[in-house]
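Novice: Supplied in structure tokens, the structure appears directly below.
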Amino acid sequence: MKVLVIGAGNMGLTYAEAMSKSKQLKKRNVMILDNSPEKILSLKKISHFDVFENLEDCLPQADLIFVAVKPYHSDDLFAKMRPLINKGQIVISIMAGVTIQTMQESLGIEKVVRAMPNLPAQVGKGVTSFIPSKQVSRIELLTVEDLLDTTGKSIQVSSENYIDASTGISGSGPAYVFYFMQSMMEAALKMGFSANDSKVLVSQTFDGAVELFNQSDLSPTSWMNKVASKGGTTRAALDSMEDNNVNELIKEAAYAAFDRAVELGK
Ligand SMILES: NC(=O)c1ccc[n+]([C@@H]2O[C@H](COP(=O)([O-])OP(=O)(O)OC[C@H]3O[C@@H](n4cnc5c(N)ncnc54)[C@H](OP(=O)(O)O)[C@@H]3O)[C@@H](O)[C@H]2O)c1
């Protein structure tokens, strides 16, 4: 099997690297295409992939085509792909807002998968939600899932609405975590810790809390209650958050991202 990754940006290179470690593929079975001559030159020097500048030279050989360009480049790219693509090939797109119907109509093929990854894919801890068109067979879907899972975990969703919804949770979610980290680091600095100590205190706290959560069946609320005792320090902090409606504000923020994803798709 051969995979062509179109777009050698952050996401494209992350997936190329990760997929090349899949049992289904070998490094030489991952091809990369980009439209920037400088990028191609530097990739040829440093990477172990076959790097291409023209669709004609790589697209016909691919069984699976992974599209990782910015959404506003999709029309132009699809128009160039259309005369070269055949109905047996599967296209996976991670482009925000580009629907299954748009892909099928623009490319003139039926087998497409729409996916929404997130940034921790870069360290193998990503989560990708995806939905295939109904023409993708079960066996093909297993291959797709296997390749997506090389960057972390994946969930198959039942409608494209959930792709937009997962943008609001996991796609944009890493930024919410960084927001919380930034606030805690600023508080630590204000309390007099050095920048380095603030970073260690905060990052280890996140890491430890997530590890505890992952190693148990307890809900976040149960863990909060375990840390907080009546009249204690944690309860004071949690009460302050409740008084300031932080819970509702976080949900509102997630919905703002969800709504924006829907809007961008129109
Ligand atoms: N980054 C994330 O966390 C994230 C999360 C979820 C989904 N996504 C999606 O992932 C996609 C890629 O994001 P990214 O951050 O990796 O973008 P990026 O760094 O801009 O990479 C895209 C690459 O594709 C190249 N390109 C553009 N048009 C092309 C064409 N017609 N043929 C070949 N190459 C072409 C671009 O070249 P130029 O720079 O010369 O244009 C660039 O090198 C986006 O659609 C985004 O919605 C990203």
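Novice: Taking N as the number of residues in the chain, what is its Cα Rg relative to 2.2 N^0.38 Å?
Specialist: My calculation over the Cα atoms of the chain gives 1.17.
Novice: Oh, and also: For the charge dipole of the chain, defined by +1 on Lys and Arg C-beta atoms and -1 on Asp and Glu C-beta atoms about the Cα centroid, which residue among Met191, Met103, Val30 has the Cα displaced farthest towards the positive pole?
Specialist: My answer, from the dipole projection, is Val30.
Novice: Within the range 1-42, which trypsin sites (Lys or Arg not before Pro) sit in a loop by DSSP and count at most 15 neighbouring Cβ atoms inside 10 Å?
Specialist: Sparse-neighbourhood loop trypsin sites (Lys or Arg not before Pro): Lys21, Lys23, Lys26.
Novice: If you don't mind, another one. At what distance in nm do the modelled label points of Arg260 and Thr205 sit from each other, each positioned 7 Å from its Cα along Cα→Cβ?
Specialist: Reported label-point gap for Arg260 and Thr205 is 2.6 nm.
Novice: What does the extension gain come out to for Asn86 and Lys2, with contour length at 0.36 nm per residue minus their alpha carbon separation?
Specialist: Between Asn86 and Lys2, full extension yields an extra 28.8 nm.
Novice: While we're here: So, for the range 172-265, what is the accessible surface per residue at a probe of 1.4 Å, expressed in square angstrom?
Specialist: I get 76 Å² per residue for the range 172-265.
Novice: Then there is this: Once phi is turned into ³J(HN,Hα) by the Karplus curve 6.51 cos²θ - 1.76 cosθ + 1.60 with θ = phi - 60°, what whole-Hz value does each residue of the range 253-262 show in order, with x for glycine and proline?
Specialist: Karplus values, whole Hz, x for Gly and Pro: 5, 4, 5, 4, 5, 4, 4, 5, 5, 5.
Novice: Roll a 1.4 angstrom probe over the protein heavy atoms and tell me the percent of accessible area of the chain that is carbon or sulfur.
Specialist: That fraction is 56 percent.
Novice: Additional query: In whole Hz, with x marking every Gly and Pro, tabulate ³J(HN,Hα) for the range 83-94 from phi via Karplus 6.51 cos²θ - 1.76 cosθ + 1.60, θ = phi - 60°.
Specialist: Ordered by residue, 3J(HN,Hα) equals x, 9, 8, 10, 5, x, 7, 10, 10, 10, 10, 10 Hz.
Novice: A further question follows. What is the gain in length, in nm to one decimal, between Ser36 and Asp57 on full extension, counting 0.36 nm per residue of separation less the C-alpha to C-alpha distance?
Specialist: Net length gain for the segment: 6.0 nm.
Novice: Out of the range 72-138, which trypsin sites (Lys or Arg not before Pro) are coil in DSSP terms and have no more than 15 other C-beta atoms within 10 Å?
Specialist: Lys87, Lys125, Lys134
The values are calculated or read from the model by the stated rules, or taken from the named source; none is laboratory data. Just so it is clear, the model here is predicted, and its values are computed rather than measured. Cβ sites come from the backbone with ideal geometry, for glycine too, and all protein chains shown count toward neighbours. Each accessible area value is taken on the protein alone, full model and side chains, heavy atoms only, with ligands, DNA and RNA left out. Shrake-Rupley method; radii C 1.70, N 1.55, O 1.52, S 1.80 Å.
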